[in-house]
Each structure stands twice: as C-alpha cells, then as structure tokens.
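Encoded as structure tokens, here's the structure I'll be asking about.
The values are calculated or read from the model by the stated rules, or taken from the named source; none is laboratory data. Computed from a prediction, not measured in an experiment: that's the story for all the values here. Neighbour counts run over all protein chains shown; Cβ positions are idealised from the backbone, glycine included.
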Amino acid sequence: MFSKLQSTPPAHSHCGCSMEINKTDADSDSPATENMTTVSHHYFGDSNASDDAICITVIESMKEDYGLFVWPCSVILAEYVWQQRSRFAGAKVVELGAGTSLPGLVAAKLGADVILTDDSHRLEVLDNMRKVCDLNNIKCEVMGLTWGVWDESIFSLRPQIILGADVLYDSSAFDNLFATVKFLLEKSPRSVFITSYHNRSGHRLIEFLMIKWGLKCVKLIDGFSFLPSRKASGLSGNIQVVEIGVSDAGEN
C-alpha cells in the first residue's frame, strides 16, 4: 500500500507567493551562510486588522537537503497552529523532524513551550534551527532526536502537542516515526500528534497506521479548507492535516 509514496519529498512548487512570503537572496550582511542562501518571511494574521499578527523569518537552503526548505505541508501546518492559537498558548509542544521549524516557531510565538527536534546526525539542520530561533527572538530548546532511538533525551519529553510537517513521505521511516510518536503519546495520554501530509493513497495509509500502532484518528481536515486564499494560491497538492491520539484500548 506504500507504492505511491516516494522515498524523497515530491517536487512541490515553492511555498512562496508574492502576497504571502517574501524571499531575499543571502548576502554578506544576511544571517544566512554560504550553505543557507535564502531568507523567507512568513506572515500570519492580518497586520492591518489585528495587533496579534506575526511574521516568522526562516533561513532556507537551496542545496539538496530537504530539511532546510519550507515545504507546502509546513506552511499548512503552521497556518493550522495559528488558526488554533488559543490551544497552543502555554502548551508544551515538541516538533518532530522540524527542519526549518515553521510550525514550531509559530507555536512559540503564540506562547507555547516548544522543543524543536530533528535527526541527531543532521548537525547543519540543528544549527540552522538555533539560528532561526535567534533571528526571530524566540526561545526554543533545540534537540537532536532520531526516530526509533531511545536515548536520554526522549525520556525527558512530556509534550501535550506533538507536531510533524511532511513526516509521512518515506515509508521506510514509518515504524521508527510511529514508535516515537506512540511512546510520547503514552507518556501523556491526553496529548495529540498533529501532522500534515500529502494524501497519495486516500485515507488507507492513516487507517493502516492507526490499526498497526493502536492509535486513533481524532480529526482529519483538508489542508486547504482553512488556508487563506493568498497562501493557497502559491501551493498545490492534496494535503491533509490529521490529529492522532492514543486509542481507547491503549488508554490507562
């Protein structure tokens, strides 16, 4: 059933559109390094109508490193966080496979206590996450966390909300990802995993993973149903947002 899934993220269109995301090439005065060549600005809310509108600045790389590019799933999940902002204020949040960390950064701006994580071996990505936090004057802990590896760091995590943008693109990583997700959910049974993903196989993939891992789908939403038109015009694909919790049989 995974035949439609690709081993690398698909060639999505760039998330930037002139009305929503401004990109500038890096220069000698830019926070980007020679391997991080673009700075993008992501806006949430209407700055003309609301005092709580925010802007997140992200350092991206045009290299073949998918962890340092803002993909459409990340834009949609970040918007979902913004739309659900009342539930994120003061919440303990962990973002898995954070990469450029847009959803986690939005959560932090909204007052969440955020830990951004990515593969422990991806030092460039982890370093970029720290730079982006500094760039946005956001205090987030940055942690190396490799899915399916039970080291000291994972045992200290007790998130109320787990975020993951476009983490369902490589079927070979599903077991490690969901082993990690289930471990974190069971440590905090009322917690939830919120992920955005490209729906390439109907709902069969989510149904299969829920049964296999003893989890339940709490909510499934079309990613474009809540996206402002100025953002939707720059994105494409069938992107879903799903909220996942521990199944009734697995609850204590």
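Restricting the search to the stretch 216-234, which residues are in contact (Cβ under 8 Å) with a residue 60 or more places away in the chain, not in a helix (DSSP H, G or I) and not hydrophobic (A, V, I, L, M, F, W, C)?
223, 228, 233, 234
Any chance the stretch 189-202 includes a residue that's hydroxyl-bearing (Ser, Thr, Tyr), outside any strand (DSSP E or B) and at pLDDT 95 or above?
Yes, the stretch 189-202 contains a residue that is hydroxyl-bearing (Ser, Thr, Tyr), outside any strand (DSSP E or B) and at pLDDT 95 or above.
Restricting to the stretch 104-120, and then to whatever is part of a loop (DSSP other than H, G, I, E, B) and hydrophobic (A, V, I, L, M, F, W, C), can you tell me which residue is surrounded by the most Cβ atoms within 10 Å (Cβ to Cβ)?
Going through the qualifying residues, I end up with 112.
Can you tell me which of (1) in contact with a strand residue (DSSP E or B) (Cβ under 6 Å, 6 or more places away or on another chain); (2) at pLDDT 95 or above; (3) of a type outside the set (Asp, Glu) is the one residue 247 doesn't meet?
Condition not satisfied by residue 247: (2).
Give the stretch 192-242 a look and list any residue that's under 20 Å from residue 70 (Cα atoms), of a type in the set (Lys, Arg) and surrounded by fewer than 16 Cβ atoms within 10 Å (Cβ to Cβ), or say none.
Hit for the stretch 192-242 is 230, nothing else.
Something else now. Suppose we filter the stretch 218-244 for residues that are closer than 13 Å to residue 72 by Cα, among the hydroxyl-bearing types (Ser, Thr, Tyr) and out of contact with any Cys (no Cβ under 7 Å at 6 or more places or on another chain); how many remain?
Residues that pass the stated criteria total 1.
For the stretch 158-180, what are the residues that are under 18 Å from residue 103 (Cα atoms) and more than 14 Å from the chain's Cα centre (by Cα)?
Result: 159, 160.
Related question: Taking the stretch 132-158 only, how many residues are surrounded by fewer than 17 Cβ atoms within 10 Å (Cβ to Cβ) and over 18 Å from residue 110 (Cβ atoms)?
Looking only at that region, the number is 11.
Continuing with the same structure: Limited to the stretch 243-252, what total is found for residues that are touching a residue at least 60 places away in the same chain (Cβ under 8 Å) and surrounded by fewer than 17 Cβ atoms within 10 Å (Cβ to Cβ)?
Residues that pass the stated criteria total 3.
Another one. Taking the stretch 86-103 as the search range and keeping residues that are over 16 Å from residue 74 (Cα atoms) and either touching an Asp or Glu at 6+ places or on another chain (Cβ under 6 Å) or free of Cβ contacts under 8 Å to residues at least 60 places away in the same chain (or both), which one is surrounded by the fewest Cβ atoms within 10 Å (Cβ to Cβ)?
Within the stretch 86-103, the match that is surrounded by the fewest Cβ atoms within 10 Å (Cβ to Cβ) is 86.
A further question follows. Restricted to the stretch 177-215, and to residues that are among the aliphatic types (A, V, I, L, M) and in contact (Cβ under 8 Å) with a residue 60 or more places away in the chain, which residue is nearest to residue 238 (Cα to Cα)?
So, considering only residues that are among the aliphatic types (A, V, I, L, M) and in contact (Cβ under 8 Å) with a residue 60 or more places away in the chain, the one nearest to residue 238 (Cα to Cα) is 205.
Considering each residue of the stretch 89-103, count those that are within 11 Å of residue 129 (Cβ to Cβ), of a type in the set (Val, Ile, Thr) and not in a loop (DSSP other than H, G, I, E, B), and give that number.
So the count comes out to 0.
Hey, another quick one. May I ask you to verify whether residue 163 is touching a helix residue (DSSP H, G or I) at 6+ places or on another chain (Cβ under 9 Å), buried (at least 22 other Cβ atoms within 10 Å of the Cβ), touching a residue at least 60 places away in the same chain (Cβ under 8 Å) and closer than 22 Å to residue 91 by Cβ?
Considered against the rule, which asks whether it is touching a helix residue (DSSP H, G or I) at 6+ places or on another chain (Cβ under 9 Å), buried (at least 22 other Cβ atoms within 10 Å of the Cβ), touching a residue at least 60 places away in the same chain (Cβ under 8 Å) and closer than 22 Å to residue 91 by Cβ, residue 163 comes out as yes.
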